[in-house]
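This report concerns only the one structure given below.
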Amino acid sequence: MSLNFKKKQRKASGDGAGSQLFEEDEYAKVIEGIKKIYKQKIKPVEETYNFEGFHSAPLTDSDIEAKPIVLLIGQYSTGKTTFIRYLLDKSYPGEHIGVEPTTDRFVSVMHGTEERVIPGNAAAVNQELPFRGLNRFGQAFLSRFQVSQTNSPVLENMTIIDTPGILAGDKQLTERGYDFTQVIEWFAERADLILLMFDSHKLDISNEFKLAIHSLKGQEEKVRVVLNKSDMVSQQQLMRVYGAMMWSLGKVVQTPETMRVYLSSFWTEKPPNCFEDCRELIEAESKDLLKDLKELRRNAAIRKINEIVKRARLAKVHALIISHLKKEMPAMFGKKKKQDALLNNLGAEFLKIQQRHHLPSGDFPNPERFKQNLAHYDMDKFKSLKEELIDRVDEALAHDLPRLMSQFPTMNPELNQSERNPFAEAGGIPGPGEIPPSYWNFDSIDKNSYLPNFQRLGPREGKVSGADVKPILMESGLPTEQLAQIWRLADFDNDGYMDIDEFCIAMHLIKAMQNGAQLPDKLPHTLMPNRKF
């Protein structure tokens with residue numbers, strides 16, 4: 001299923017008006033609310049207390065309006081570019097796939113009506129693109145960055161960042177000309193999903209890869225691990241590869257939680273030497289990953305509010321640190337000596353601020369890193385604390401942003417196993433039979449004739465529950481045990497809900513039964529919709 005968010009295209013595809021968490025105007029309303037809160041109550045604090053010099057530049061409208069970003073990180077030849085091509089089902093401008101390091105630059109793959117490549121310098125000054133903050137990395141980086149635009153329905157709901165293959169061995173000693181780790185960190189802060197990609201034949205974590213993973217600290221909830229090309233090893237080897245990868249990651253990722261790992265294989269053309277003994281597992285894992293990607297747009301507004309909350313807390317603490325250092329400076333003599341003393345005891349000063357304002361230690365930046373930036377400033381020229389600015393941030397955190405969150409409609413609840421099939425209590429499944437050949441192809445389903453009934457059920461997020469669908473299925477007059485079997489076949493993701501495709505399959509099977517056909521034990525693959533999302 002496409003991630004398309006436009007109304008007219010939703011209607012044309014039959015996904016229904018509820019196929020996304022928000023209608024376009026509701027989503028836009030939330031984004032406008034975020035922009036207003038940020039400009040009025042958070043941005044003034046950032047501008048007053050030199051936030052840009054220590055963290056990041058103030059957000060622009062294009063930053064807040066930006067589509068969800070998926071960041072791909074991995075060593076060379078792990079299949080990052082091939083994965084993008086698989087998602088798009090087409091090539092994109094500037095694409096280059098090979099076994100050696102072929103992606104030598106950061107590439108932002110975005111939606112565009114025309115196929116074109118925008119060089120990094122032009123992209124960084126374009127107010128319509130969310131990349132103005134990249135100017136801080138200079139010409140050396142911008143010459144290795146580009147925006148590739150292509151017309152793809154998938155890209156209407158996300159932007160994908162393809163990164164250079166991380167080097168290993170002697171290659172990692174090659175000078176890139178820019179701080180690779182800082183660039184990764186910049187993109188990671190703005191990403192909605194970060195995929196760490198591994199090759200089943202290359203599990204080593206080089207020093208450069210280790211630094212890149214360390215730069216993701218604080219973004220762990222966004223990180224997923226993808227063990228790609230999992231069908232290039234046998235089932236026994238895959239078990240060993242998986243264990244070795246988790247052991248290697250455990251030495252690098254300093255968190256008590258285990259990262260979600262997907263076993264996957266995304267080929268544009270499957271090589272002949274693939275192993276098939278884990279095919280079912282790999283397909284199920286790949287489907288879960290694609291489901292995560294599908295839900296990005298639905299969760300985009302929630303994530304944006306979450307990022308603004310994190311930024312507001314950071315800006316508040318930053319303002320208190322800067323104003324505290326200003327207050328500690330002497331009025332007349334000994335300024336240089338006092339500044340050096342404050343720099344050397346920055347950790348202790350942080351503790352004073354934390355205790356005075358009753359703040360959690362987790363909201364404070366790394367003292368050593370903060371110290372490096374602080375050394376470039378004259379503390380005596382910092383601004384004194386303005387209580388009204390801090391009060392505005394507190395008001396945004398306590399009232400404005402929670403009010404925005406309250407506008408989100410409740411998502412479909414998870415159903416109990418007994419509720420997933422409204423006919424389950426009937427029991428009894430008929431014996432195996434054959435559906436006539438004309439019914440074995442999904443393209444033969446007349447979706448337009450079933451769409452009005454589906455829309456009348458009031459789909460939520462493009463789905464309706466079993467309780468809502470049951471009366472329509474009962475109208476067929478078929479025995480409940482046969483309807484139970486039809487539900488089991490049509491609800492192929494087994495979540496207890498039906499989207500438009502599943503509903504049409506159910507109605508199609510009912511029509512087959514009424515024409516004297518028998519039901520199979522398993523839904524034929526040809527009768528399933530051909531969709532990656």
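The values are calculated or read from the model by the stated rules, or taken from the named source; none is laboratory data. Values in this document were obtained by computation on a predicted structure and should not be read as measured data. Using ideal geometry, Cβ is built from the backbone for each residue, glycine included, and neighbour counts are taken over all protein chains shown.
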- Top-ranked residue in region 453-467 [being on the phi < 0 side of the Ramachandran plot and surrounded by fewer than 19 Cβ atoms within 10 Å (Cβ to Cβ); ranked as modelled with the lowest pLDDT]: R460
- Message: Looking at (1) out of contact with any Gly (no Cβ under 9 Å at 6 or more places or on another chain); (2) under 15 Å from V183 (Cβ atoms); (3) surrounded by fewer than 17 Cβ atoms within 10 Å (Cβ to Cβ), which one does A57 not meet, given that it meets all the others?
- Response: (1)
- Provide a single number: the residues in region 299-316 that are farther than 21 Å from D61 by Cβ and surrounded by 20 or more Cβ atoms within 10 Å (Cβ to Cβ). 1
- Message: Looking at region 347-378 only, could you name the residues that are of a type in the set (D, E) and either loosely packed, with under 12 Cβ neighbours inside 10 Å or not assigned by TED's automatic domain parsing to the domain that holds A319 (or both)?
- Response: E368, D378
- Item | Unique match (being aliphatic (A, V, I, L, M), assigned to a helix (DSSP H, G or I) and closer than 30 Å to L88 by Cα) among A506, A512 | A506
- Identify, please: which residue in region 119-143 is touching a residue at least 60 places away in the same chain (Cβ under 8 Å) and surrounded by 13 or more Cβ atoms within 10 Å (Cβ to Cβ) and is, among those, farthest from P58 (Cα to Cα)? L129
- Out of region 468-495, which residues are surrounded by 22 or more Cβ atoms within 10 Å (Cβ to Cβ) and of a type outside the set (A, V, I, L, M, F, W, C)? Q485, D491
- Task: Could you check region 271-363 for helices (runs of 4 or more DSSP H) lying wholly inside it with 3 or more residues that are farther than 30 Å from A375 by Cβ?
- Result: 279-298, 300-328
- Within region 63-79, count every residue that is among the β-branched types (V, I, T) and closer than 16 Å to P164 by Cβ. 2
- Query: From L72, L88, L59, which residue is in contact with a Lys or Arg (Cβ under 6 Å, 6 or more places away or on another chain), modelled with pLDDT of 85 or more and either closer than 30 Å to K381 by Cα or not small (G, A, S) (or both)?
  - Reply: L72
- Return yes or no: is N344 surrounded by fewer than 19 Cβ atoms within 10 Å (Cβ to Cβ), among the polar types (S, T, N, Q) and touching a Lys or Arg at 6+ places or on another chain (Cβ under 9 Å)? yes
- Close pairs (8 angstrom Cβ cut-off, 6 or more residues apart or separate chains): over 16 Å from F382 (Cβ atoms) in region 324-349, at pLDDT 90 or above anywhere: none
- Message: Can you tell me how many residues within region 364-397 are touching a residue at least 60 places away in the same chain (Cβ under 8 Å) and assigned to a helix (DSSP H, G or I)?
- Response: 11
- Item | Among (1) among the charged types (D, E, K, R); (2) surrounded by 15 or more Cβ atoms within 10 Å (Cβ to Cβ); (3) out of contact with any Asp or Glu (no Cβ under 7 Å at 6 or more places or on another chain) - the single one D204 does not satisfy | (2)
